[in-house]
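Step one of this worksheet: look at the structure below.
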Amino acid sequence: MREQMATAARSGLARTVTSDRPIDLAHTLAPLRRGTGDPCHRVTADGAHWRASRMPSGPVTYRLVQGDRCSVRAQAWGAGAAEFLDRLDHMLCLDEDLSGFAPEHPKLAEAHRRFPGLRMLRTGLVLESLVPAVLEQKVHTISARASWRKLVREFGEPAPGPAPDGLRLPPDAETWRRIPSWTYHRANVGPQRAQTIVRAARLAESLERTADQDPAEAARRLCSVPGIGVWTAAETAQRAYGDADALSVGDYHLAAVVGWTLLGRPIDDEAMVEYLEPLRPHRYRAIRLLEISGQAHKPKFGPRTPLTDHTWH
């Protein structure tokens, strides 16, 4: 492993993963990208997805490219490259079983037929998904993403390897913990959210271990941290745990979108949970299918930001 890490730091490593069913790389990775200006994620003109991340073994820059319909080509640089490539099939949930997923609603059935390559995400990197979710609590997505960009550009580090200009590693737990309160304030992050991030950073080691737990138990552990509720835990589980059932209850738009899209009328969270119950354990997968198929909608009763990929909160 030590020799592999040294080689990766110099010239990078490569791997191709394949599956017996399609892999839709762009739609699968979309939830990881916090807007087009995300300093940790870049999609280049050739369609390659570049991302800087922190594996347990060290920093990594990786580049993913769609191969044929059932394959993804990967390159990785940095001390965490070997570990990342070794876990890539796990991250892309190539082991998931969809044999029990047969939605009856025509819109869901059609979306599932049209997008058979949608996969869940299982990065195993809890804090990396948790911090942006906390930033998005009860604020407009545009504002939350601006805060994310400002904090990562100021406190992140340059990505290793031949990364695109400006690609940065997210801050590590110790850095998140030490960011002063006034700096969070300048980034338009209120005291409650800032304190939640600092609290989570202090508990980072134990929170990272939740990636190996049953998703329900992992979510319970996240929610035991003051400032982290059901919505934040679900948003984290959707990216870090590969949880196809992680429904973002409490989202500002989601229940209304589900109601208008599938029932032709608005509903609240309680009604949404009841209506989607037959889709367990694939409720989040159903939401993603509505999203990427372009069917998700809510009537425009007043000025608002148009629905885009994964901006329902």
Q. Looking at (1) at pLDDT below 95; (2) open to solvent by less than 10 Å² (accessible area, probe 1.4 Å); (3) assigned to a loop (DSSP other than H, G, I, E, B), which is the only condition Thr36 fails?
A. (2)
(Q) Against the condition over 27 Å from Ser147 (Cα atoms) and under 15 Å from the mean Cα position of the chain (by Cα), how does His112 come out, does it pass? (A) no
Q.
Quick check on this structure: which one of Glu205, Glu157 is assigned by the TED database to the domain that holds Ala234 and over 20 Å from Arg33 (Cα atoms)?
A. Glu205
Q.
Anything in the range 143-176 that is surrounded by 18 or more Cβ atoms within 10 Å (Cβ to Cβ) and of a type in the set (S, T, N, Q)? List them, or say none.
A. Ser147
Q: Look through the range 88-109, keep the residues that are on the phi < 0 side of the Ramachandran plot and open to solvent by less than 20 Å² (accessible area, probe 1.4 Å), and return whichever of them is farthest from the chain's Cα centre (by Cα).
A: Pro103
(Q) On the basis of being closer than 25 Å to Trp148 by Cβ, open to solvent by 10 Å² or more (accessible area, probe 1.4 Å), of a type in the set (Lys, Arg) and in contact with a Gly (Cβ under 8 Å, 6 or more places away or on another chain), does Arg73 make the cut? (A) no
Q) Do we have Leu151 as in the same structural domain as Arg69 (by the TED database) and in a helix (DSSP H, G or I) here? A) no
Q: Would you mind telling me which numbered condition in (1) at pLDDT 95 or above; (2) within 23 Å of Ala211 (Cβ to Cβ); (3) open to solvent by 20 Å² or more (accessible area, probe 1.4 Å) Ala81 fails?
A: (3)
Q) Name the residues in the range 129-154 that are under 14 Å from Pro39 (Cα atoms) and hydrophobic (A, V, I, L, M, F, W, C), would you? A) Ala144, Ala146, Trp148, Leu151, Val152
Q.
Between a residue in the range 268-280 that is open to solvent by 50 Å² or more (accessible area, probe 1.4 Å) and any residue that is modelled with pLDDT of 95 or more, which pairs come within a Cβ distance under 7 Å, given they are 6 or more apart or on different chains?
A. Asp268/Ala255; Tyr275/Ile267; Arg280/Asp245
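From the list Thr236, Thr261, exactly one residue is surrounded by fewer than 22 Cβ atoms within 10 Å (Cβ to Cβ) and touching a residue at least 24 places away in the same chain (Cβ under 8 Å). Which is it?
On the way: Thr236 fails: surrounded by fewer than 22 Cβ atoms within 10 Å (Cβ to Cβ).
So the residue among Thr236, Thr261 that is surrounded by fewer than 22 Cβ atoms within 10 Å (Cβ to Cβ) and touching a residue at least 24 places away in the same chain (Cβ under 8 Å) is Thr261.
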Q.
Quick check on my filter: what residues within the range 283-298 are open to solvent by 20 Å² or more (accessible area, probe 1.4 Å) and in contact (Cβ under 8 Å) with a residue 60 or more places away in the chain?
A. Ile292, Gln295
Q) Quick check, is Glu96 part of a loop (DSSP other than H, G, I, E, B) and closer than 30 Å to His297 by Cβ? A) yes
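The values are calculated or read from the model by the stated rules, or taken from the named source; none is laboratory data. Model, not experiment: these values are computed from the prediction. All Cβ positions, glycine included, derive from the backbone under ideal geometry; neighbour counts span all protein chains shown. Side chains included, ligands, DNA and RNA excluded: accessible areas come from the protein's heavy atoms. Shrake-Rupley method; radii C 1.70, N 1.55, O 1.52, S 1.80 Å.
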